[in-house]
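The values are calculated or read from the model by the stated rules, or taken from the named source; none is laboratory data. None of the values given here were measured: they were computed from a predicted structure. Neighbour counts run over all protein chains shown; Cβ positions are idealised from the backbone, glycine included. These area figures cover heavy atoms from the full protein model, side chains too; ligands, DNA and RNA do not enter into them. Shrake-Rupley method; radii C 1.70, N 1.55, O 1.52, S 1.80 Å.
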Amino acid sequence: MATTDRTCLTVVLAAGEGTRMRSDTPKVLHKAAGRTLVGHVLAAAEAAGSTGLAVVVGPDRQDVADDVLRTAPGARIFVQSERRGTAHAVLAAGEAFASGFDDVLVVYGDTPLVRPETLRRLRAPLAHGASVVVLGFEAENPTGYGRLISRGPSLVAIREEKDASEDERAIKLSNGGLMAIDGRRALELLGKIGNRNAKGEFYLTDIVEVAVLSGLGVAVEAAPEAEVQGVNDRLQLAAVEAELQRRLRAAAMAGGVTMIAPETVFLSHDTRLGRDVIVEPNVVFGPGVTVADRAVIHAFSHLEGASVGEGVSIGPFARLRPGADMAAGSRAGNFVEVKNARIGEGAKLNHLTYVGDAEVGPRANLGAGTITCNYDGFSKHRTTIGADAFVGVNSALVAPVTIGEGAYVGTGSVVTEDVPADALAIARARQVTMPGRGKKLKAMLKAAKDG
Ligand code: UD1
Ligand code: CA
């Protein structure tokens, strides 16, 4: 039976507190590329064909459970009430695989760089008779990792650093921590693991010796070290972020995006950029951004939860917040902020403008400094601007308010009442000009100062 036809339960171990993070947030909830570490692991497990997900969390970790269920609503949560080792942690989810899966994958919630292809490769030998498959890598510095002990071509044991002899410590082939186990044998094999070792823990790694003693097949699949990089401190978190960004930028450029200085552009795991999009330097994409073909994102812009249509121009120095929806050919120029607003086709917000909780019709033009006053200190209100309307510079539109199609609002207006279609509204004090009075005023002021 091919791997693709086999059922697979992925057990994610996420009970670690991560004390070296020095954080109030549990380690697996720290984020890289706009998603939690455990979220990356769950996504990889799903993409690798998992048909079931079980996540093992520490006691009182509702926050981790909530995050897991947001990413993977079908996942089952298990609590490991005492930290007694990686095998003990997998067994905490034992109920999930008692029902029978062809394959059981074990992955760590703090190892977010593993690729779905690698998980598939790890599963493959199970379809050909292996009972346990270990993900091995050549560690540049193997300190702290379990070492893969072979006899001839066969793996016979994994030795943890603390239990290893000097000769064993010299081995560079290390345990990446991820494993695939024959689902029909998993419970039985895990049940035979003891805790006679330096830490007094039940080591998942001992499953190799248990399997070998039972005459079962054990295999090793190799992976690049970068994929098994775990996160234990903030430095490693930054290294993981850097690697994810490298991958995301490369994928965007492979898809037809021009990046002038890719190392200065920050993407999220779900950023979608169309063909011939140009992204200038120093642009940040938070989660939930879609950019259609031929749009240009100019330098120093920040986008999050936004949709950018075909040929749209954003920035430089623009901010699109959640719910910003820029239709084809529209523009948001320098120092423009858009939030929860639909900007119609070809509409222009060229300078120094805030548009929030609004609908701006096609081809409307908002002059520099136009502000939608959407918040009264208690509630948010909507502004509606019709197609082809023109709003003069430095106007305040006090919501709720509607500017009709084709209407014209005079510069510097404070608009508090609806403006009908095609009307002209000027809402500012009339100018007063007094001939000669400027000169007199200056003389008075000078005399007052000179005493
Ligand atoms: C583990 C492996 C080691 C491997 C390394 C790769 C074991 C015994 N050792 O070592 O061979 O080279 O990973 O990074 O498996 N966890 C629980 N409950 C527990 C213990 C651990 O959920 O009781 C979780 C941790 O949160 C973590 C993962 O399991 O996500 C690994 O545990 P950790 O203590 O970090 O193992 P290492 O010593 O790094
Ligand atoms: Ca670790």
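Laid out as a table, the results:
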| quantity | calculated |
| --- | --- |
| Candidate set from segment 168-200 (those that are charged (D, E, K, R) and open to solvent by 40 Å² or more (accessible area, probe 1.4 Å)); member that is farthest from ligand 2 (Cβ to nearest atom) | Arg184 |
| Test: residue in segment 27-38 that is within 14 Å of ligand 1 (Cβ to nearest atom), on the phi < 0 side of the Ramachandran plot, over 21 Å from the mean Cα position of the chain (by Cα) and not basic (Lys, Arg) | no |
| Yes/no for Leu29 being in the same structural domain as Asp110 (by TED's automatic domain parsing), at pLDDT 95 or above and either β-branched (Val, Ile, Thr) or under 23 Å from Ser99 (Cα atoms) (or both) | no |
| Hits in segment 114-128 (condition: more than 28 Å from Ala33 (Cα to Cα) and open to solvent by 60 Å² or more (accessible area, probe 1.4 Å)) | His128 |
| Scan of segment 414-425 for residues that are among the hydrophobic types (A, V, I, L, M, F, W, C) and open to solvent by 100 Å² or more (accessible area, probe 1.4 Å), ordered by number | Leu424 |
| Among residues of segment 91-113, those that are open to solvent by 10 Å² or more (accessible area, probe 1.4 Å) and either within 14 Å of ligand 1 (Cβ to nearest atom) or not assigned by TED's automatic domain parsing to the domain that holds Ala44 (or both), counted | 4 |
| Filtered residues of segment 173-230 (kept if β-branched (Val, Ile, Thr) and within 15 Å of ligand 1 (Cβ to nearest atom)) | Ile181, Ile193, Thr205, Ile207, Val208, Val210, Val218, Val220, Val228 |
| Residue match in segment 204-214 (condition: within 34 Å of the chain's Cα centre (by Cα), within 16 Å of ligand 2 (Cβ to nearest atom) and assigned by TED's automatic domain parsing to the domain that holds Leu13) | yes |
| Selection within segment 106-136 - of a type in the set (Val, Ile, Thr) and under 26 Å from the mean Cα position of the chain (by Cα) | Val106, Val107, Thr111, Val114, Thr118 |
| Whichever residue in segment 243-282 is in a strand (DSSP E or B) and not aromatic (Phe, Trp, Tyr) and, among such residues, is nearest to Thr36 (Cα to Cα) | Arg272 |
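To keep it simple, each residue is scored yes or no on (1) outside any strand (DSSP E or B); (2) open to solvent by 50 Å² or more (accessible area, probe 1.4 Å); (3) over 22 Å from Pro316 (Cα atoms).
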| residue | (1), (2), (3) |
| --- | --- |
| Ala341 | no, no, no |
| Thr372 | no, no, no |
| Gly412 | yes, no, yes |
| Met434 | yes, yes, yes |
| Met444 | yes, yes, yes |
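Residues checked against (1) within 17 Å of Lys31 (Cα to Cα); (2) of a type in the set (Val, Ile, Thr); (3) touching a strand residue (DSSP E or B) at 6+ places or on another chain (Cβ under 7 Å); (4) buried (at least 16 other Cβ atoms within 10 Å of the Cβ):
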position	(1), (2), (3), (4)
Val240	yes, yes, yes, yes
Leu244	yes, no, yes, yes
Ala252	no, no, yes, yes
Ile260	no, yes, no, no
Leu267	yes, no, yes, yes
Val284	yes, yes, yes, yes
Val296	no, yes, yes, yes
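Residues checked against (1) under 16 Å from Pro224 (Cα atoms); (2) in contact with a Ser or Thr (Cβ under 9 Å, 6 or more places away or on another chain); (3) within 16 Å of ligand 2 (Cβ to nearest atom):
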residue	(1), (2), (3)
Arg84	no, no, yes
Ala93	no, no, no
Arg123	no, yes, no
Thr143	no, no, yes
Arg147	yes, yes, yes
